[in-house]
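Shown next, in structure tokens, is the structure this report addresses.
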Amino acid sequence: MARIQLQQLAHAYGGRPTRPEDYALRRLDHVWEDGGAYALLGPSGCGKTTLLNIVSGLLQPTEGRVLFDGRDVTALPPQQRNIAQVFQFPVIYDAMTVYDNLAFPLRNRKLPKAEIHRRVLEVAEMLELTAALQRPGRSLGADGKQLISMGRGLVREDVAAILFDEPLTVIDPHLKWRLRGKLKEIHQRLRPTMVYVTHDQTEALTFAEKVVVMYEGQVVQVGTPQELFERPEHTFVGYFIGSPGMNLLPVTIAGNSAVVDGEHRIPLAPQLAAQAARSARTLELGIRPEFLQLQRQVTADGVPARIAAVEDLGGHVLVTVVLGRRTLKLRLPEGSELPSEQAWLRFPPERTLLYADGRLIIPGGGHG
Ligand code: ATP
């Protein structure tokens, strides 16, 4: 397996790109460490497949280099890169047995028969395909066929990486959970470098050790699921990850407060307020629905608000509050005592983040 390095990589489908918008993939530097489990997460059209196809060699980048273990493979075709790729739809030989499908990539590489047998049985067992080994591929449903596709990637010990492009699209919802768990288990056992493309945050967060979040052709954050949740470095990450996403409010700064619509003052950590006050950019305050607090009585740091709706979502309640002209969401434990209408919001300073032109302001640092 390999360490994959992307250097100054960029791609435009049309000729002669000039503006940033001309690029499907804007310039990026990135590393996938050997043996890591990564997800590439972002909405449709953000450039995930473009990036994956550049790594596998199906696409030549307009700019930059791809290195496997320090070796420049940018000009190499897919066959010479030794990448296994699992697509949205299963790619298998219908007429061959499941066994032969799994053995195929190894026979191609002229591995000894005994070695092929050992690997096929091992992978079949991991994917729970042992009982189906002698059946023809066509006799399996879409789920089973996709398992074979995955197996054909996993069976090879020599691959630089296994790339998955939305592999669970055809899988029945109730099986998705199981398969995701299975992939994670297999990763822990074999430690291949895995890159898993998805637009589904649950899939990304449950599968990956590190998630690469993409937005409009850019990587906006690379982090563990916890980092993405607690410290989104871009408003897009705040909004895209979480259910519901982060509350975002346009603000100005006055002293140690963020001011919403010129009248509602939210206390900030002083260092953060000072740094934000120096920024000439558009400022937004961000707080997760899980971190916002609701109080029934007025306090020094409480911001008056009105409760507009309470939904019981089983296990937690989702509260919608109105602050002036703005609407915010809170996610509270089930059974929380709620005020009837008038309430005071508390924004814990350690959980209250500020963004300048979409980028996290890091006190003492700059932008994320
Ligand atoms: P999806 O989840 O819908 O597959 P994605 O994140 O994988 O989306 P890409 O398929 O990489 O995104 O597309 C990124 C951008 O490049 C989009 O604007 C898309 O329209 C454009 N694009 C993709 N393939 C081509 C192509 N062959 N020719 C021209 N433009 C393309």
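The values are calculated or read from the model by the stated rules, or taken from the named source; none is laboratory data. Here the structure is a predicted model, which is why all the values come from computation and not from measurement. Here the Cβ positions follow ideal geometry from the backbone for every residue, glycine too, while neighbour counts run over all protein chains shown. Quick note on the areas: whole protein, heavy atoms, side chains included, nothing else; ligands and nucleic acids left out. Shrake-Rupley method; radii C 1.70, N 1.55, O 1.52, S 1.80 Å.
Could you identify the single residue in Thr18, Thr49 that is in the same structural domain as Glu157 (by TED's automatic domain parsing), of a type in the set (Val, Ile, Thr) and in a loop (DSSP other than H, G, I, E, B)? Criteria check complete, one pass: Thr18.
In the set Glu311, Glu263, Glu284, which member is touching a residue at least 60 places away in the same chain (Cβ under 8 Å) and surrounded by fewer than 13 Cβ atoms within 10 Å (Cβ to Cβ)?
Residue meeting the stated conditions: Glu263.
Within region 67-84, the set of residues being within 18 Å of Gly35 (Cβ to Cβ) and assigned to a strand (DSSP E or B) comprises Leu67, Phe68, Arg71, Ile83, Ala84. Can you tell me which residues in region 12-48 are crowded, with 20+ Cβ neighbours inside 10 Å and near the ligand (Cβ under 8 Å from one of its atoms)? Across region 12-48, the qualifying residues are Ala24, Leu25, Gly42, Cys46, Gly47, Lys48. The condition (being farther than 27 Å from Ile171 by Cβ and not charged (D, E, K, R)) is satisfied by just one residue among Ala204, Ala254: Ala254.
Within region 181-202, being surrounded by 15 or more Cβ atoms within 10 Å (Cβ to Cβ), assigned to a helix (DSSP H, G or I) and within 14 Å of the chain's Cα centre (by Cα) holds for one residue alone: Gln201. In this structure, Leu228 does not satisfy being out of contact with any strand residue (DSSP E or B) (no Cβ under 8 Å at 6 or more places or on another chain) and among the aliphatic types (A, V, I, L, M). Scanning region 166-173 for residues that are in the same structural domain as Asp29 (by TED's automatic domain parsing), farther than 18 Å from Asp143 by Cα and in a helix (DSSP H, G or I) turns up nothing.
Checking the condition touching a Leu at 6+ places or on another chain (Cβ under 8 Å) and in a loop (DSSP other than H, G, I, E, B), which residue from Pro250, Pro244 passes?
Just one listed residue meets the conditions, Pro244.
In this structure, Glu337 does not satisfy being under 27 Å from Ala269 (Cα atoms), touching a residue at least 24 places away in the same chain (Cβ under 8 Å), open to solvent by 50 Å² or more (accessible area, probe 1.4 Å) and outside any strand (DSSP E or B). Using the structure shown, decide if Lys145 is in a helix (DSSP H, G or I), surrounded by 20 or more Cβ atoms within 10 Å (Cβ to Cβ) and out of contact with any Leu (no Cβ under 9 Å at 6 or more places or on another chain). Here the answer is yes, as Lys145 does meet what is asked. Among residues that are hydrophobic (A, V, I, L, M, F, W, C) and within 16 Å of the ligand (Cβ to nearest atom), Ala75 is not included. Residues in region 49-66 that are within 10 Å of the ligand (Cβ to nearest atom) and open to solvent by less than 10 Å² (accessible area, probe 1.4 Å) were compared, and the one that is farthest from Ala208 (Cα to Cα) is Ile54. Count of region 2-11 residues, restricted to those that are crowded, with 22+ Cβ neighbours inside 10 Å and either within 14 Å of the ligand (Cβ to nearest atom) or modelled with pLDDT under 95 (or both), is 3.
Taking the conditions exactly as written (under 18 Å from the mean Cα position of the chain (by Cα) and either in a loop (DSSP other than H, G, I, E, B) or buried (at least 17 other Cβ atoms within 10 Å of the Cβ) (or both)), does Ile162 satisfy them or not?
Criteria met by Ile162.
Which numbered condition in (1) away from the ligand (no atom under 16 Å from the Cβ); (2) within 27 Å of Thr18 (Cα to Cα) is the only one that Gln80 fails? Of the numbered conditions (1) away from the ligand (no atom under 16 Å from the Cβ); (2) within 27 Å of Thr18 (Cα to Cα), the odd one out for Gln80 is (2).
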